[in-house]
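In what follows, a single structure is set out as structure tokens and then discussed.
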Amino acid sequence: MADWARRVEQGWYAGSPWLAPLRPLGWLVGRVARRRLRRFLAAAEAPPVPVLVVGNVTVGGTGKTPLVIALARRARERGLTVVVISRGYGGEGGDYPLTVRADDDPARVGDEPLLIARRADVPVVLDPRRDRALDEAARRHGADLVISDDGLQHYALPRSAEVAVIDARRGLGNGRCLPAGPLREPADRLDRVDFVVANGGPWPGAVVMHLVPGDPSRLSDGAALDAATFRDRYPAVHAVAGIGHPERFFRTLDLLGLTVTPHAFPDHHAFRPSDLTFGDDRPVIMTEKDAVKCQGFDDPRLWTLPVRADLPPAILDAMLDRTLGQGPREERQ
């Protein structure tokens, strides 16, 4: 099933003609999405506290999580009490709403929420109903600002501002809605958001964001090496990625000068030690999102490569100000 899904995804971005029979379904999905958006805009309510939604219009990874972490950190620097809300994809959850702790089990709360809680040092509230998560953030945690990780299409959630993240390299694929293409909503949905962020390069009307790698660190003891020392010591590595767009991670390692044997897994894959056994003693380097699920493995071969979202602080401030009602609201071109 995973191989079939990957073939379909590749077809979306390659313009494969064999997807043509799915176009009527894609047209229907787009029509329903436009209708839902019109209803939302006609009856939109003000949230109890300012809410910034960081989402995307395509399926798969675009780099939302590093941006959410950067925004949460910047908000904390400004003295705001910020809470992130999420549906908690990949976790078993339990009684909702659920607040993530830094020492939580990723199988319970999900990999991305746990990563955000650890990296941003803010409460992360999980609930498949983001409106309930918002109420919990405001009532229990006293939030001045709520950032929703994903949820652009979750119209039960009121919001003050929206940011859509796109992968500049892959773009919008064939420009069609699911299942004929990668879009959750028609491309003109981007005209309605407050900011478009292009991860990895320029895009018309978008702010450019780059994901900057940090120093590789070993999972077993937290020991870190700068990239040059790691490359000299371990020139050839196995690279593991259970994310929406694993090729981006593999390309980053290539740019660091490493000889990479790539191993792509499904998004949110629940790793077992046997998944990381490749018949040799070369290091295994993985994303931070995967590492939160592998830190309990007693294996000194395992390393992680952290990344951070690189945007000018003024851009992060503009996003926060727009959400807080302090920034100009102008039509994007």
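Here are the numbers for this structure:
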| item | result |
| --- | --- |
| Segment 72-181 - charge dipole about Cα centre, Lys and Arg +1 at Cβ, Asp and Glu -1, debye rounded to 20 | 380 debye |
| Spin-label model distance (nm) - ASP121 vs TRP4, 7 Å beyond Cα toward Cβ | 4.8 nm |
| Selected from VAL260, VAL163, VAL51 as most flexible by GNM, with the chain as the system and alpha-carbon contacts under 10 Å | VAL260 |
| Fully extended contour minus Cα-Cα distance, from LEU28 to ARG308, at 0.36 nm per residue | 97.0 nm |
| On Cα atoms only, tilt of 2-14 relative to the major axis of the chain in degrees | 60 degrees |
| Dipole of the chain [Lys/Arg +1, Asp/Glu -1 at C-beta], most positive-end residue of LEU305, LEU316, ALA180 | ALA180 |
| Net dipole in debye of segment 1-80 [+1 Lys, Arg Cβ; -1 Asp, Glu Cβ; about Cα centre; nearest 20] | 260 debye |
| Listed residue (GLN153, LEU258, ALA143) projecting farthest to the positive dipole end of the chain, Cβ model | GLN153 |
| Nearest 10 degrees, 0 to 90: helix 111-120 Cα axis against the chain principal axis | 90 degrees |
| Segment 89-149 shape via C-alpha gyration tensor axes, a/c threshold 1.5 | oblate |
| Additional length obtainable on full extension of the chain from ARG233 to ARG192, 0.36 nm per residue less Cα span | 9.9 nm |
| Computed [θ] at 222 nm, deg cm²/dmol, the chain (DSSP H ≥ 4; -39,500 (n - 2.57); rounded to nearest 500) | -9000 deg cm²/dmol |
| Potential extension, ALA43-ARG132 segment - 0.36 nm per residue separation minus Cα distance | 30.2 nm |
| Accessible-area order (highest first, 1.4 angstrom probe) of the listed residues GLU288, GLU45, GLU247, GLU185 | GLU45, GLU247, GLU288, GLU185 |
| Normalised contact order of segment 280-319, rounded percent, pairs of Cα under 8 Å and 6 or more residues apart | 44 percent |
| Which label in [x] 217; [y] 344; [z] 143 gives the computed volume of the Cα convex hull per residue in Å³ | [z] |
| Candidates THR323, THR81, THR62: whichever shows maximal mean-square fluctuation once the chain is modelled as a Gaussian network with Cα springs under 10 Å | THR81 |
| Given charges at beta-carbon only (K, R positive; D, E negative), |dipole| of segment 1-153 in Debye | 780 debye |
| Average Cα contact separation per residue, the chain, under 8 Å, 6 or more apart, as relative contact order % | 21 percent |
| Segment 31-99 and segment 288-316: distance between their alpha carbon centers, rounded to Å | 21 Å |
| Nearest 10 degrees, 0 to 90: helix 246-255 Cα axis against the chain principal axis | 60 degrees |
| Radius 14 Å from Cβ of PRO182, net charge of other residues (Lys, Arg +1; Asp, Glu -1) | +4 |
| Exposure of ARG35 as accessible area (Å², to 10), given a probe of 1.4 Å and all protein chains | 100 Å² |
| Separation of the ASP95 and ARG76 label points, Cα + 7 Å toward Cβ, nm | 2.8 nm |
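The values are calculated or read from the model by the stated rules, or taken from the named source; none is laboratory data. The model shown is predicted, which means the values in this text are computed figures rather than measured ones. Because the Cβ atoms are built from the backbone with ideal geometry, glycine has one as well, and the counts that use them run over all protein chains shown. Quick note on the areas: whole protein, heavy atoms, side chains included, nothing else; ligands and nucleic acids left out. Shrake-Rupley method; radii C 1.70, N 1.55, O 1.52, S 1.80 Å.
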